[in-house]
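Notes to accompany the following structure.
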Amino acid sequence: METLVLLALAILSISASALGNGEDLKTQERLFLNSLGLSARPKPSEHRRVPSVLWRMFKRTGTRENDTRESDPCMVSEYGVRGNIVRFVQDQGRLVSGWSGSCHSCVEKYMFFNMSVLQPVEQLSLAQLEIKFQWDMFRTPRFLLGPQALSVSLYKVLRVTLRGTSHEAHRRLVLSQSVQLEPEAGSLTLDLTALAENWRKPGHNYGLVLELQPHPVHTQATDIFMAQNLATAVPLRPTITLPEFHASLVVVSLNPLQCRSRQKRSAVYLPVTPSNVCKPRRLYIDFKDVGWQDWIIAPQGYLANYCHGECPFPLSESLNGTNHAILQTLVHSLDPHGTPQPCCVPIRLSPVSMLYYDNNDNVVLRHYQDMVVDECGCR
């Protein structure tokens, strides 16, 4: 309910500023941003491409919100875990030094994923490392354009010293496996949930080191190619034997304060005939009107609605009055100046899914409860 009030106040920003209530508006905006786990209004440095899986999930949740059947909004079926927040956390690492000093045909990449973007109340359900490979067709010789076998090793960095993150004494092997990459593209997914949970503790996240090495058969082919091109005296291996790659961490978490199982609902139709009786009224919130269109990816706005109207005596069943409200209307009819009418308030609300950038330029999909007024009553 607090969220709905904050958004309704935000949509009145222009008129509120004109009345000199700018500071109050900023306070309300800050409270709403804090409820999203944001320290301030995000200012994306660049609009990153939204992963296709997030678009599919966003569209699916939009369909589910209009469904009249029972559903569990706290279940992420794409990953088979419970959660109402999905983040694609950016890799903030770098290439260690190009080609590895410990292996003449390896390349090492230092990776760091900032887990402090999760609020303390959030329960981590999944942390999945996704590595996407892409061959550069213009710089790779033809004999390497078939399926390629690649050895992938992942190390946990135990501490960072002057000797660097790649020193063997300062890291521990997490896993090592071979992957077969097709000429067009390939990908690798690794479950790092236990490791990411440990990263949430202060002083425990020193990142990862990813080591890539072509299999011997491809290394030999590259050496032949190099021998035939000695006259150029150009170190071609970095652009030949290994593909370009990009890593991200998919983090699914559950905020139990903002996620509840939704009961079966019926379709909502707002009355169009004028009436002073308590009922839902139409309120469309356009994020562009409040200056949030640069960090909210989707939706561009939504139908929030609000409750307004009188609770007259006697209360009919359609006004969904409680026993207390029925008695209050009775007393109000006898003493209208001493006892007010019951208030017209939301009694049933539904959720909205939001796709947005957070303060670290990560793309986030959040399922947010109590954003749309479906039904009003006298309380």
Query raised in the report: Taking only pairs six or more apart or across chains, which ones have beta-carbon atoms under 7 Å, a first residue in segment 350-370 that is on the phi > 0 side of the Ramachandran plot, and a second residue that is among the polar types (S, T, N, Q)?
Result: Asp361/Ser45; Asp361/Gln90; Asp370/Thr3
Query raised in the report: Does any residue in segment 69-82 that is within 13 Å of Ser353 (Cβ to Cβ) and assigned to a loop (DSSP other than H, G, I, E, B) come within less than 9 Å, Cβ to Cβ, of a residue that is at pLDDT 90 or above and not small (Gly, Ala, Ser) six or more places away or on a different chain, and which pairs are these?
Result: Pro73/Asn84; Cys74/Arg82; Cys74/Asn84; Cys74/Leu254
Report task. Go through segment 152-173 and give me each residue that's at pLDDT below 80 and under 25 Å from Pro243 (Cα atoms). Result -> Gly164, Thr165, Ser166, His167, Glu168
Requested in this report: Might you let me know whether segment 303-313 holds any residue that is in a helix (DSSP H, G or I) and charged (D, E, K, R)?
Outcome: no
Query raised in the report: Are any residues in segment 291-300 outside any strand (DSSP E or B) and under 17 Å from Val372 (Cβ atoms), and if so, which ones?
Result: Pro299, Gln300
**Report entry** Residue list for segment 316-348, filter: closer than 28 Å to Gln369 by Cβ and in contact with a Gly (Cβ under 9 Å, 6 or more places away or on another chain)
**Finding:** Leu319, Asn320, Gly321, Thr322, Ala325, Pro342, Cys344, Val345, Pro346, Ile347, Arg348
Requested in this report: For residues that are among the small types (Gly, Ala, Ser) and out of contact with any strand residue (DSSP E or B) (no Cβ under 7 Å at 6 or more places or on another chain), scanning just segment 325-343, find the one that is surrounded by the fewest Cβ atoms within 10 Å (Cβ to Cβ).
Outcome: Gly338
Query - Answer residue from segment 124-137, given it is in contact with a Pro (Cβ under 7 Å, 6 or more places away or on another chain) and part of a strand (DSSP E or B) and is modelled with the highest pLDDT among those - result: Phe133
Query - Near pairs, Cβ below 7 angstrom, 6+ apart or cross-chain, from segment 307-330 (of a type in the set (Asp, Glu)) to any residue that is crowded, with 16+ Cβ neighbours inside 10 Å - result: Glu310/Val277; Glu310/Cys278; Glu310/Gln341
**Report entry** Residue check, Val272 over 30 Å from Phe32 (Cα atoms), modelled with pLDDT under 85, aliphatic (A, V, I, L, M) and not assigned by TED's automatic domain parsing to the domain that holds Glu182
**Finding:** yes
Report task. Would you check if Pro346 is modelled with pLDDT of 95 or more and either small (Gly, Ala, Ser) or out of contact with any Lys or Arg (no Cβ under 9 Å at 6 or more places or on another chain) (or both)? Result -> yes
Requested in this report: Restrict the check to segment 98-114 and report whether at least one residue is part of a helix (DSSP H, G or I), at pLDDT 85 or above, on the phi < 0 side of the Ramachandran plot and of a type in the set (Phe, Trp, Tyr).
Outcome: no
Report task. Could you check, for segment 318-338, whether at least one of its residues is modelled with pLDDT under 90, part of a loop (DSSP other than H, G, I, E, B) and either of a type in the set (S, T, N, Q) or not assigned by TED's automatic domain parsing to the domain that holds Gln28 (or both)? Result -> yes
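The values are calculated or read from the model by the stated rules, or taken from the named source; none is laboratory data. Please read all numbers here as calculations on a predicted model, not as lab measurements. Positions of Cβ are generated from backbone atoms using ideal geometry, with glycine treated the same way; all protein chains shown enter the neighbour counts.
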